[in-house]
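The values are calculated or read from the model by the stated rules, or taken from the named source; none is laboratory data. Everything numeric in this text was worked out from a predicted model, so none of it was measured. Cβ coordinates were reconstructed from backbone atoms using ideal geometry, including for glycine residues, and neighbour counts include every protein chain displayed.
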Amino acid sequence: MTAPAPRPDRPYENVTSLFGEGWENSEPAPPDVDVWDSPVPLGQARALPLFPVDALPAWLGAMVAAAAEETQTPADLAGCMGLSMLSTACGGRAVVAVRGRWREPVNLFTVIALPPGNRKSAIVGEMSRPMLAVEKVLIENIAGIRAEAETTAKLTRAAADKATARAAGADPAERAKLTKEAIELVEAAEAVSIPAVPQLIADDVTPEGLASLLADQGGRMAVISAEGGIFDIIAGRYSGTPNLEVFLKGHAGDLLRVNRQGRDPQYLEAPALTMGLAVQPSVFRDIAKAKGFEGRGLLARFLYAMPKSLVGFRNLTPDLIPQQVADTYTKTLATLTLAMAGWTDPAVLTLTPEADTALLAYQKNTETRLRPGGPLAHIDTWASKLDGAVCRIAGLLHLATHPEDGWTRPIAADTLTAACRIGDYFTAHALAVFDAMGSDAALGRARTALTWLAANPRDSISRRELFNALPRADFPTVADLDPALALLEDHGWIRQIAPPARTGRGGRPPSPRYQTHPTVTHPAT
């Protein structure tokens, strides 16, 4: 083996260095490009589901799908109106016995928003047409009873008037006896009850007028409209002050006192009001500003839908509603409405054990999402009523599946599951609607901050600088800015810069500093 050559005593000659002079004092060059991911639009990341038409009973689902096809409107519109028709037929006439003393009536408040040109009136008219036919049948059925009662009332009143006149002109010896007879006849005349002309649906009506309608119709009424004017009326268009009582109690079934001029107060023990509204999207922004709507809980009682408009993408030669589908819808809805019309004390619907298990699983999921920081936390007032709404929907689906005898059998698990799917649909849309209303304060403030940054572009800004620039009405304290900054950072619009090293001299730490996304600072690049 050959031994290695000895190292020279002097530096190597004729060797070229791989490094330039002063390499030992140099630092790595910074990267040429600062890479950012595409930011997520605020409030637009949530994809809204389509209405689950297949969760409806076959006869109703077929009509919803066919009406949506003929009118080239989202199935959400006909689907929500279909649920409103079931609520009109059954509201106040059935309750769901959920668990223990928990009872849910089956009347619903639904509101769907679509821009002009989406044929809202056509769908409302098509879906409610059978109800108007049922009204005529009910009016005809009661015509004889009303005529007899009116005649009896007239005769009894005439006899009472004559007895009163005789008592007034009688001798003192006979006056007491005749007065007693007159009083008895007056009481008999007042006791004669004339049934009101049956009415199932009203349009825009004042709160006072609606209370009178509820009293006349045995505590049941539906407000079905393709306009949002009812919200203006509730907010006090005519009276100047909001009148929410009939709507709040009409949804919950709480005792309602009805005062009418010239008549004694009337008490409705369990009023059942249905509301099925199709409005323009701007109505959602308007009602969010209406005094008392949110604080009194009116907005929490509605099931919301905000589907995407099909205008611009419609089939101009759509399939028409098959006559058999329309006839089946009309006949079945009429059968259900007439079968439930005679119920004064509501029918009690129960759950099978399997349905109760499915409901309990749904409740647990809702409860988890209501926790602080959960996806439903900022709409907790609405979401706290979600499980009850699912029970109401389950009751309606059950009666619609068995229109002639649904009250004789319990609600099955598959019906409860279908109601849960519809509940999930309304939950997703409620999140979007309440975001549009500005119920999520952090989201609204994040939008305000992002708008300011876009109008005043800069590569970086400190929290303190941004706070001083933003309106104090929206950001009273620096702490109010933090959730908005966190949301902007989560969506990729800003990112925090690492703070500089502290000198050890003490004092207040510097305000956190943030870089802004290049599309904000340099929108043209």
Would you point out the residue of segment 408-434, among those that are modelled with pLDDT of 95 or more and among the aromatic types (Phe, Trp, Tyr), that is farthest from ILE379 (Cα to Cα)?
-> TYR425
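So, in segment 195-218, of the ones that are of a type in the set (Val, Ile, Thr) and surrounded by 14 or more Cβ atoms within 10 Å (Cβ to Cβ), which residue ends up nearest to GLY91 (Cα to Cα)? Break it down into steps so the answer makes sense when it comes.
Of the residues in segment 195-218, the ones of a type in the set (Val, Ile, Thr) are 197, 201, 205-206.
From the residues that got through so far, the ones that are surrounded by 14 or more Cβ atoms within 10 Å (Cβ to Cβ) too are 201, 205-206.
Details: ILE201: 12, VAL205: 19, THR206: 20 Å.
Per the criteria, the residue is ILE201.
Please determine, by comparing only the residues of segment 219-239 that are in a loop (DSSP other than H, G, I, E, B) and over 18 Å from ALA89 (Cβ atoms), which one is modelled with the highest pLDDT.
Going residue by residue through segment 219-239, those that are in a loop (DSSP other than H, G, I, E, B) are 219, 226-228, 235-239.
Applying the additional criterion that residues be over 18 Å from ALA89 (Cβ atoms) yields 226-228, 235-239.
Details: ALA226: 90, GLU227: 83, GLY228: 75, ALA235: 72, GLY236: 65, ARG237: 59, TYR238: 53, SER239: 57.
Taking the candidates together, the pick is ALA226.
Name every residue in segment 188-204 that is at pLDDT 80 or above and not β-branched (Val, Ile, Thr), in order of residue number. Reasoning before the result, please.
Pass one, segment 188-204, residues at pLDDT 80 or above: 196-203.
Listed by number, the residues that qualify are ALA196, PRO198, GLN199, LEU200, ALA202, ASP203.
This table checks each residue for (1) of a type outside the set (S, T, N, Q); (2) at pLDDT below 95; (3) within 22 Å of the chain's Cα centre (by Cα).
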site	(1), (2), (3)
ALA341	yes, yes, no
GLU367	yes, no, yes
PRO375	yes, yes, yes
ASP380	yes, yes, yes
ARG392	yes, no, yes
THR401	no, no, no
ALA436	yes, yes, yes
Would a scan of segment 141-154 turn up a residue that is charged (D, E, K, R) and touching a Pro at 6+ places or on another chain (Cβ under 9 Å)?
-> yes
Looking at segment 509-524, which of the residues that are modelled with pLDDT of 85 or more and more than 23 Å from VAL478 (Cβ to Cβ) is surrounded by the fewest Cβ atoms within 10 Å (Cβ to Cβ)?
-> PRO518
List the pairs whose first member sits in segment 153-182 and is surrounded by 12 or more Cβ atoms within 10 Å (Cβ to Cβ), whose second member is among the polar types (S, T, N, Q), and whose Cβ atoms are under 7 Å apart, counting only residues at least 6 apart or on separate chains?
-> ALA167/THR179; ALA182/THR164
Closer than 30 Å to THR337 by Cα and not in a helix (DSSP H, G or I): does that describe PRO198?
-> yes
Going through segment 334-365 one residue at a time, which ones are closer than 17 Å to THR417 by Cα and crowded, with 19+ Cβ neighbours inside 10 Å?
-> LEU349, LEU351, ALA355, ALA358, LEU359, TYR362
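If you check GLY253, GLY297, which single one turns out to be buried (at least 20 other Cβ atoms within 10 Å of the Cβ) and at positive phi?
Values: GLY297 fails: buried (at least 20 other Cβ atoms within 10 Å of the Cβ).
None of the others qualify; the one that does is GLY253.
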Under the condition of being in contact (Cβ under 8 Å) with a residue 24 or more places away in the chain and either touching a Phe, Trp or Tyr at 6+ places or on another chain (Cβ under 9 Å) or of a type in the set (A, V, I, L, M, F, W, C) (or both), which residue from segment 467-488 is nearest to VAL520 (Cα to Cα)?
-> LEU488
Which condition does ALA122 not pass, out of (1) in contact with a Pro (Cβ under 9 Å, 6 or more places away or on another chain); (2) in a helix (DSSP H, G or I); (3) under 28 Å from SER225 (Cβ atoms), if it passes all the others?
-> (1)
Test for ASP387: is it in a helix (DSSP H, G or I) and farther than 16 Å from VAL98 by Cα | no
How many residues are in a helix (DSSP H, G or I) and under 21 Å from LYS120 (Cβ atoms) when one looks only at segment 52-61?
-> 3
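Output the helices (runs of 4 or more DSSP H) that fall wholly within segment 393-505 and possess 3 or more residues being touching a strand residue (DSSP E or B) at 6+ places or on another chain (Cβ under 6 Å) and either over 30 Å from TYR362 (Cβ atoms) or among the hydrophobic types (A, V, I, L, M, F, W, C) (or both), or say none.
413-437
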